[in-house]
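Notes for the one structure printed next.
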């Protein structure tokens, strides 16, 4: 996002949104214009940010000159809803900035695509690539040469050793560990606390130590 203040809309007003509000306010790079969330009353507020309605308001807000939108819903196993919102705002012409908390540590060679969100305390090492819409949550650690493909979601405390590939739309639960060189398939789910020592197939659910 540009260094001057940019108006931005958040899609979602729950816990993930509140974390992002703190990140954005601390960064000082945007003006929080409002929240769209069908479960919240119009006119209510989330951490001082007004609720404006639902995603049906997006075209009008775009016409009013708001050019940035952020997918601010979290994920519990399925990342599909986040992806749907991401594609919706992209089609309407909104920009979706990559967001990085000031306490996160990223190698200068890390690649961040559109809409990436890196939360407080995350560490991402050299030559790692994060695809569009990826979330690296609080305290996650990603070592060198990893590839996290679009719309994958890494919950708090996930650890990836070097050379790991995470397929698109995959979900890794809190505290999951993946040893070096493994591949997590597209749409796969790795349960919280699992230790992955072999490749995970597309669409699979694995859990336990070692993960099966």
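What follows is calculated from the coordinates using simple rules that are stated; it is not laboratory data. Worth saying up front: this structure is predicted, and the values here are computed from it rather than measured. As a convention, Cβ positions derive from the backbone with ideal geometry for all residues, glycine included, and neighbour counts pool all protein chains shown.
Quick check: from the Cα gyration tensor, does region 1-101 come out rounded (a/c under 1.5), prolate or oblate? Before the final figure, lay out the partial values.
Working: a/c = 1.14, a/b = 1.09, b/c = 1.05.
Rounded, since a/c falls under 1.5.
With label points built 7 Å along Cα→Cβ from the Cα atoms of residue 105 and residue 174, find their separation and express it in nm.
Placing both labels 7 Å beyond Cα along the Cβ direction yields 2.3 nm.
Be a star and scan region 38-73 for residues whose amide nitrogen sits under 13 Å from the point 7 Å along the Cα-to-Cβ vector of residue 91.
56, 59
Relative to the compact globular guide of 2.2 N^0.38 Å, what is the alpha carbon radius of gyration of region 43-114, as a ratio? Walk me through the numbers before you get to the answer.
On the way: Rg = 14.5 Å, N = 72, 2.2 N^0.38 = 11.2 Å.
Cα-based Rg divided by the globular estimate yields 1.30.
Please determine, in degrees from 0 to 90 and to the nearest 10, the orientation of helix 80-91 with respect to the longest principal axis defined by the Cα atoms of the chain, where the helix direction is its Cα long axis.
50 degrees
Taking Cα atoms, how many degrees apart are the long axis of helix 15-27 and the longest axis of the chain, rounded to 10 and kept between 0 and 90?
The helix 15-27 is inclined about 70 degrees to the chain.
Out of all DSSP beta bridges with both ends in region 67-198, state the antiparallel percent to the nearest 5. Present the calculation step by step, with values, prior to reporting the outcome.
Working: 1 of 30 bridges.
If I count the DSSP bridges inside region 67-198, around 5 percent turn out antiparallel.
Taking Cα centroids, how far is region 177-212 from region 1-57 in Å?
Distance between centres, Cα-based: 34 Å.
Among 84, 79, which comes first, second and so on when ranked by fewest other beta-carbon atoms within 10 Å?
Working: 84 13, 79 25.
Neighbour counts put them in this order, fewest first: 84, 79.
Give the average over all directions of the projected area of the C-alpha convex hull of the chain, one decimal, in nm².
Numbers: hull surface 42.5 nm².
Answer in nm², one decimal: 10.6.
Do you know the relative contact order of region 22-177, to the nearest whole percent, from alpha carbon pairs under 8 angstrom that are 6+ apart? Let's see the in-between values first.
Values: 359 pairs, mean separation 22.0, N = 156.
Across region 22-177, relative contact order equals 14 percent.
Please give the length that would be gained between residue 22 and residue 63 if that part of the chain were fully extended, namely 0.36 nm times their separation in residues minus their C-alpha to C-alpha distance (nm, one decimal). Provide the component values of the computation, followed by the final result.
Numbers: separation 41, 0.36 × 41 = 14.76 nm, distance 2.70 nm.
Full extension of this stretch gives 12.1 nm more.
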